[in-house]
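One structure below.
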Amino acid sequence: MCICTKLRPHIYLPNDYIIYKDDIGEEMYFIIEGVVNILSPDNNSILKRLTKGDYVGELALLTENRRICSVVAFTHCLMSVLSKSDFDKILESFPEIRTILNQEGS
């Protein structure tokens, strides 16, 4: 299975919410262009800024927990989006990816 065939492009404008805290994780996002902010759980501060080449949203897909933080576009963003169902199929074919993502999330 090739991940490239499963990615869908999506555009976000500055201040668009990409992920809402407490939502059930159904997608993960790869940043192709732009900058996003990961907000604190109370949405009052920026915990981290992600840029081209980074990804976000994988932990909720791995753990099946609700999102712990909101993610907001800081600039115009082009993202590639991977659904949970496609993510699960990929992990079945490549279990080493699950191990790597679990280690990064710890």
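The values are calculated or read from the model by the stated rules, or taken from the named source; none is laboratory data. It should be emphasised that the depicted structure is a prediction, and the values quoted were computed from it without experimental measurement. Every residue, glycine as well, gets a Cβ built from its backbone with ideal geometry; the counts of neighbours run over all protein chains shown. Side chains are part of the model used for accessible areas, which takes the heavy atoms of the whole protein and leaves out ligands, DNA and RNA. Shrake-Rupley method; radii C 1.70, N 1.55, O 1.52, S 1.80 Å.
Consider the range 36-46 and keep the residues that are open to solvent by 50 Å² or more (accessible area, probe 1.4 Å) and either among the aliphatic types (A, V, I, L, M) or in contact (Cβ under 8 Å) with a residue 24 or more places away in the chain (or both). The one that is nearest to SER85 (Cα to Cα) is PRO41.
Against the list (1) among the basic types (Lys, Arg); (2) touching a residue at least 12 places away in the same chain (Cβ under 8 Å); (3) out of contact with any Lys or Arg (no Cβ under 6 Å at 6 or more places or on another chain), the condition ARG67 fails is (3). Looking across GLU58, GLU33, GLU26, one residue alone is of a type in the set (Asp, Glu) and buried (at least 19 other Cβ atoms within 10 Å of the Cβ). It is GLU58. Within the range 76-106, the set of residues being closer than 24 Å to LEU47 by Cβ and surrounded by 13 or more Cβ atoms within 10 Å (Cβ to Cβ) comprises HIS76, CYS77, LEU78, MET79, SER80, VAL81, LEU82, LYS84, PHE87, LEU101, ASN102.
One residue is enough: does the range 1-14 have a residue meeting the conditions assigned to a helix (DSSP H, G or I), in contact with a strand residue (DSSP E or B) (Cβ under 9 Å, 6 or more places away or on another chain), open to solvent by less than 80 Å² (accessible area, probe 1.4 Å) and among the β-branched types (Val, Ile, Thr)? Among the residues of the range 1-14, at least one is assigned to a helix (DSSP H, G or I), in contact with a strand residue (DSSP E or B) (Cβ under 9 Å, 6 or more places away or on another chain), open to solvent by less than 80 Å² (accessible area, probe 1.4 Å) and among the β-branched types (Val, Ile, Thr), which makes the answer yes.
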